[in-house]
Structure formats: structure tokens, C-alpha cells
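Worksheet: the structure to be examined is printed underneath.
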Amino acid sequence: MVNKKKYRSKMALFGDNNKMVAEALGITPQTNSAKLNHTNGADYTRGEIAVLKERWKLTAAEVDEIFFAV
């Protein structure tokens, strides 16, 4: 489950919006939104998380906090 608050915080910090993130991941904005909201069990892949880790300069701890929130 994604920590939406921290995800959106990093997205804003780096000047991204849903469309920009989706383009970076090679997916549609609708798919990115579904993954963010865990719609129908949609999750980010390891590759997508790696792209965002690099794009947003995330530490390993931040990756865990954002993408593996419980």
C-alpha cells in the first residue's frame, strides 16, 4: 500500500504531477492513479519504484515508507 501523503509530498517537491510521473514510468495517468490508489489491487512494479527512487532522489528508507506502507 502506498503512503499517498508522502508520495504526493515528493511529487510536489520535485515539481511533478500525475501526468509527468506516468510519462516517466511509461504508463498512462489513469494507470498511475490506479496504482497510487491501489485500485483493483494495482501496485507499482519494482522497476517503476526504481525509476521514482532515482527521479525523486529517494533513500532506501523513503522507498520503504512510501511504497511499502502498512
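The values are calculated or read from the model by the stated rules, or taken from the named source; none is laboratory data. Remember, predicted model here, so these are calculated numbers, not experimental data. Note: ideal-geometry Cβ built from the backbone for every residue, glycine included; neighbour counts use all protein chains shown. These accessible areas exclude ligands, DNA and RNA; they are computed on the full protein's heavy atoms, side chains included. Shrake-Rupley method; radii C 1.70, N 1.55, O 1.52, S 1.80 Å.
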* 1.4 Å probe accessible area per residue over the chain, in Å² -> 63 Å²
* Backbone HN-Hα couplings from phi across region 63-70 [Karplus 6.51/-1.76/1.60, Hz, Gly and Pro as x] -> 4, 4, 5, 7, 9, 10, 5, 10
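Using a 1.4 angstrom probe with every protein chain in place, what is the largest-first accessible-area order of Ser33, Ser9?
Heavy-atom accessible area, descending, gives Ser9, Ser33.
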* Would you kindly derive the ³J(HN,Hα) couplings of region 10-15 from the backbone phi angles with the Karplus curve 6.51 cos²θ - 1.76 cosθ + 1.60 (θ = phi - 60°), listing them in order in whole Hz, with x for Gly and Pro? => 5, 4, 5, 4, 9, x
* In region 23-70, what chymotrypsin sites (Phe, Trp or Tyr not before Pro) fall in a loop by DSSP, with at most 15 other Cβ atoms inside 10 Å? -> Phe68
* To do: Mind giving me the FRET efficiency for Leu13 and Thr39? R0 is 22 Å, r the Cβ-Cβ distance, nearest 0.05 is fine.
  => 0.35
* **Vicinal HN-Hα couplings computed from phi for region 16-22 (Karplus, 6.51 cos²θ - 1.76 cosθ + 1.60; Hz; Gly/Pro x)** => 8, 10, 4, 5, 5, 5, 4
* In nm, what is the difference between 0.36 nm times the number of residues separating Glu23 and Lys4 and their Cα-Cα distance? -> 5.0 nm
* To do: Using a 1.4 angstrom probe on heavy atoms only, work out the carbon and sulfur share of the accessible area of the chain in %.
  => 55 percent
* Structure fact -> Here, trypsin sites (Lys or Arg not before Pro) of region 1-59 satisfying both criteria (DSSP loop; at most 11 other Cβ within 10 Å) are Lys57
